[in-house]
Structure formats: C-alpha cells, structure tokens
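Have a look at the structure below, then the notes.
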Amino acid sequence: MSTPLPPEHPDWLWRDPDPKSSYDAIVVGGGGHGLATAYYLAKNHGITNIAVLEKGWLAGGNMARNTTIIRSNYLWDESSAIYEFALKLWEDLPAELDYDFHFSQRGVLNLAHTLQDVRDSTRRVNANKLNGVDAEWLEPNEVAKVCPIVNVSPDVRYPVLGATFQPRAGIAKHDHVAWALARACDQLGVDLIQNCEVTGFVKDRDRVVAVETTRGRINAGVVGLAAAGHSSVLAEMAGFRLPVQSHPLQALVSELYEPVHPTVVMSNHVHVYVSQAHKGELVMGAGVDSYNGYGQRGSFHVIEHQMAAALELFPIFGRAHLLRTWGGIVDVSPDASPIISATPVENLYVNGGWGTGGFKATPAAGWAMAHTMATGEPHELNRPFALERFATGALINEHGAAAVAH
Amino acid sequence: MLLLTCPWCGPRDETEYHYGGQAHVPYPEDPDALSDEEWAENLFFRDNPAGPFAERWSHTAGCRRWFNVVRDTATYDVLEVYTGAAPAATQPGVAR
Ligand SMILES: Cc1cc2nc3c(=O)[nH]c(=O)nc-3n(C[C@H](O)[C@H](O)[C@H](O)COP(=O)(O)OP(=O)(O)OC[C@H]3O[C@@H](n4cnc5c(N)ncnc54)[C@H](O)[C@@H]3O)c2cc1C
Ligand SMILES: [Zn+2]
C-alpha cells in the first residue's frame, strides 16, 4: 500500500479580500459546510455576490480537527438519502474541483460485539441495500481478511462477532478538501473573509437584513449559518433557540508508521474508531465528553478509555507512541441527525446539529443549504431535517441505529 | 479532567460523576395544556451558552446524590456548587 504524497499547494489559493458593504448572500462560518454552501450557491444557483465570514482562519474549526471518515451506511431512509448523495458527490469532486484531496475508498468496518449489535447491524445492512447503499455483513474470519490486524480471537472481553462493511466508504485529507473548495469559491467570485466574527443580526421586523461583525456591518439579502459548535451562540444572537448542545470531541494521532491498517474500523461498543492516514499516523477518535463545552479541549480519561479500546482491538498498537491529541466543539442534536432549516427569522437559514459526523456530509450539506437559501424552499434532501420535526415528533433517530459515532 | 466538589463528599475527579445537563428545567405545571411546540421546547430545547451555565451532576461513584454546578463552558472554571433548587445567588445573569 504505497500512496503518493499529496500535491504541494501554491502559497495562495484564494484572495484575502476586505468585506464589501453588501452581499446577496452571507454564509457565517468558513468550515467545510460554509465553503460547500457558497460553492453550490455560485455553481448551482448562479449567485456569486457572496461572502463567507469566518471569525478565525479558514477551516480552522472542526474541519481541521475531524478524523475524516466518509460513509453512508446510515439506517433511516432520510439519512441514507443525504449521506449517499454526499458520497456520490465525493466520488466526483476531485475531478470537478481539479484537486486530488486523497479521497481513498478503502472501506469501513463497523464491528459488532454483542448479540444485539449483530441484530442491529444485519438490519442496517438490509436497510442499506434497499436504499442502494453498498453494504455487507461479514463473519469474524471475513473481518480478519479485510483487516488482518483486528483481533478476532474469542478470548477477549468483547469478542468481534462480525461487522458490517461498506466498501465505498473511506477517508480524505480534510485540509485539502477545504482548500479545494476555497479555491473553487474564490474563482467563482466568492469573498472568503477571515478574522471576521459575526456579533449580531440586524432585523427589519422579523426579517434579517444585515449582520454586525468585528469588521463592521454588512448588509445581506439572505444569511445562512454554518457555525457547527457555535450554532446556538449565533441563534441566540438572532433571537431563537436550537435543540443542540455543544460538547468537546477529541481525537488523536500516533507517530508515523509503515502502512499496517488497510481500511477504517469503527466500534461503537468498545468506543473507538481507527484508520491510518496517508502519511502513516494512526488516527483515532471516540465519543464526546459528557459535559457541555466550548473550550476545544476535553478530559484525559476519555482518551485513556479510547486507547484501552484500541489496544483490545489492535494488540499490534501496544508499542505505538501517541503524538498529539486535540479537541473540537460539536453541536449534538437530540436524534443525532442534522438540522438544515428555515428559522423563526425570515431570510435566515441554519445548517447545524451535525454533531460528531458532519465531515462526510460536507458536499451534500452545502448542496441542500444552497438550494434552501437560494429558493427559500427546502431541497428534497433536507426537507425531513427541518426544525419542525421536534414538534411533529418525526425524529430521525440515528443514535445507535447507524453506528453513529462519525 | 474536571475536579468537582460534591457537597457531601468533597473534591473528586470527574470520573466519579455523571452529567445531567441543564439545571432547573421544570416539569410543566399542567402537561395536558401544552401544545406540540411547547412539548418540543420542554423535551428537546436546552440553553447552550458559551459562558456560565447552571448544570446538574450526580455523584454516581460516591453518595449517588444530585447537585448543581455553575460552570463556565468556555473556560471550564467551576463558579459555584449548590444543592436543590436554591438559585446561584452569586451569579446574576446566569441562564436557568
Ligand atoms: C475530533 C473530531 C472528529 C470528527 N470526526 C469525524 C469523522 O470522522 N467523520 C465525519 O463525518 N465527521 C467528523 N467530525 C464532525 C465534523 O468535523 C463536523 O460535523 C463538521 O466539520 C462541521 O462542519 P464544518 O466543517 O462547517 O465545521 P467548522 O469547521 O467547525 O466550521 C464552523 C466555522 O464557524 C466559525 N464560526 C463560529 N462562530 C462564528 C461567528 N460568530 N462568526 C464567524 N464565524 C464563526 C468557526 O470559527 C468555524 O471555522 C469530527 C469532529 C471532531 C471535532
Ligand atoms: Zn458525593
């Protein structure tokens, strides 16, 4: 398994403009979702007088911190539809954006360790097949064929009883994805404005007409929020609440090693997921810290727990050295499904609630959000993901159902 | 790792506790009278400030009792620990 190094990138892939006084559309948040929203507003809807406002530097939030797992093997029809749409876009984007961001379809194994896991997993495989998503159930010996370093011995605390496998799933280089989208946005005329924090919304009765920022007031025809962990903070500024809670989510990498891990392995039961990045570091993540937090850091016992789980599954990692841990802030919704929706404020739309798993959806979230902002109507993909579902009860409960971690 | 002071047992590591989310969310006085929107608020909508936040913790590996903490969710500083419904009087402006 030898992969060429990612391409060297030039010093500047986009301009660094000052904000204009007015835009047709403003996207708040310059992570993957904000960039994808701007890209599809310009490309699919011909709206190019757009600014993406980012309080820090471009893609320095969760976009720079995630473990890059891309898959579409979710349980419910609504989720399958949007994540599979995203996966198909991922398959075309490197060519479309003319940027090799190392999308590597090396497959993902979601391990089952209990009888209930086995039942849920086979059910999910069947649901996936009905929705045209590639999925198979593998017995332990077949798991070992796909990933020889997983310990499938029955003599461990939580033996591997099998796994679901999605061959088209994989990983990509997150920074390069952001740069590819940023360059494409810039070429389409989008202003990517960094160090520009949105601090308030100006309303004419119930309609948003401008945003207040650390670089002055900017008028806007339509405003879309793509602020991930800070979604609630922005909603509060605009005068409404979102059903999300912000939690720290941590991940870590080891030192660089020879390629030993050919796929992506996730285990909800022992709570770890592992892949090996192109350069050779083992990339691992687990679940959120339990408490609400905006500190971009979590507690060490969460890392300890996740390392214990990793060692049980991969005894070969026993001597691996941890290089670096970090945290992001994820906005978790009650049903572990996103919110792409109109809000109580006219002309203000929100994309959030992606929690621990929104990287994989980046292009589809941008596609659906752009449609919603441009037309004022939801796209078929995000219609079920509106805020109304919390009142109607039509939740799309992917907690557990879709092996939801990432 | 947070260090939280149980009102009954004293300072203990976070791993001894279970998190309970926002404090002082009342059960509706007249549940039958609530609209679907009001039920949605009650069930699914919680404050989520970046700053002081009144939240519940349970000392599950100790005395198993619940108590309240005002913690800054941006700095993780613990500002106040108290029991029962008593308001955190020293923290005006904290959303409850
Ligand atoms: C450790 C970790 C691992 C993860 N692993 C995976 C994974 O394997 N697979 C997967 O699918 N997902 C994963 N995720 C989730 C994924 O990263 C997020 O769902 C996704 O990145 C969120 O969208 P985004 O890229 O737009 O967010 P961000 O990159 O966080 O973008 C939001 C931006 O908004 C900006 N902002 C906030 N407030 C303001 C303001 N007031 N004004 C202006 N700008 C503002 C922020 O600075 C930030 O840059 C992981 C997340 C973390 C933290
Ligand atoms: Zn106690």
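The values are calculated or read from the model by the stated rules, or taken from the named source; none is laboratory data. Small disclaimer: the values here were computed from a predicted structure and weren't measured. Neighbour counts run over all protein chains shown; Cβ positions are idealised from the backbone, glycine included.
Structure summary
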item	result
Matching residues, the range A:139-159, being surrounded by fewer than 21 Cβ atoms within 10 Å (Cβ to Cβ), in contact with a strand residue (DSSP E or B) (Cβ under 7 Å, 6 or more places away or on another chain) and not in a loop (DSSP other than H, G, I, E, B)	A:PRO140, A:VAL146
Positions within the range B:1-50 being free of Cβ contacts under 8 Å to residues at least 60 places away in the same chain and among the β-branched types (Val, Ile, Thr), in sequence order	B:THR15, B:VAL25
Breaking point among (1) under 25 Å from the mean Cα position of the chain (by Cα); (2) away from ligand 1 (no atom under 16 Å from the Cβ); (3) not aliphatic (A, V, I, L, M), for A:PRO140	(1)
Residues that are of a type in the set (A, V, I, L, M, F, W, C) and in a helix (DSSP H, G or I), drawn from the range A:160-193	A:VAL177, A:ALA178, A:TRP179, A:ALA180, A:LEU181, A:ALA182, A:ALA184, A:CYS185
Test: residue in the range A:145-155 that is in contact with a His (Cβ under 8 Å, 6 or more places away or on another chain), touching a residue at least 24 places away in the same chain (Cβ under 8 Å) and not basic (Lys, Arg)	yes
Qualifying residue in the range B:75-94 (condition: within 16 Å of the chain's Cα centre (by Cα), at the interface with chain A (Cβ under 8 Å from one of its Cβ atoms), modelled with pLDDT of 95 or more and surrounded by 14 or more Cβ atoms within 10 Å (Cβ to Cβ))	yes
Residue in the range A:321-343 that is nearest to ligand 1 (Cβ to nearest atom), counting only those that are within 11 Å of A:PRO384 (Cβ to Cβ) and away from chain B (no Cβ under 14 Å)	A:PRO338
Flag for A:HIS45 being surrounded by 24 or more Cβ atoms within 10 Å (Cβ to Cβ) and either closer than 30 Å to A:SER21 by Cβ or modelled with pLDDT under 95 (or both)	no
Unmet criterion (only one of (1) farther than 21 Å from A:ILE171 by Cα; (2) charged (D, E, K, R); (3) in contact (Cβ under 8 Å) with a residue 40 or more places away in the chain) for A:ARG319	(3)
Subset of the range B:48-74 that is closer than 19 Å to B:HIS18 by Cβ and more than 14 Å from the chain's Cα centre (by Cα) - its residue that is farthest from ligand 1 (Cβ to nearest atom)	B:CYS63
Residue in the range A:379-399 that is buried (at least 22 other Cβ atoms within 10 Å of the Cβ) and within 24 Å of A:ALA112 (Cβ to Cβ) present	yes
Scope the range B:1-19; condition surrounded by 13 or more Cβ atoms within 10 Å (Cβ to Cβ), near ligand 2 (Cβ under 10 Å from one of its atoms) and not aliphatic (A, V, I, L, M); matching residues	B:THR5, B:CYS6, B:PRO7, B:CYS9, B:ARG12, B:GLU16, B:TYR17
Selection count where residues are within 28 Å of B:GLY20 (Cβ to Cβ) and either within 14 Å of chain B (Cβ to nearest Cβ) or of a type in the set (Asp, Glu) (or both), scope the range A:245-272	5
Test for A:VAL133: is it among the aliphatic types (A, V, I, L, M) and over 25 Å from the mean Cα position of the chain (by Cα)	no
Selection from the range B:54-69 of residues that are within 12 Å of another protein chain (Cβ to nearest Cβ) and crowded, with 16+ Cβ neighbours inside 10 Å	B:ALA54, B:GLU55, B:ARG56, B:TRP57, B:SER58, B:VAL69
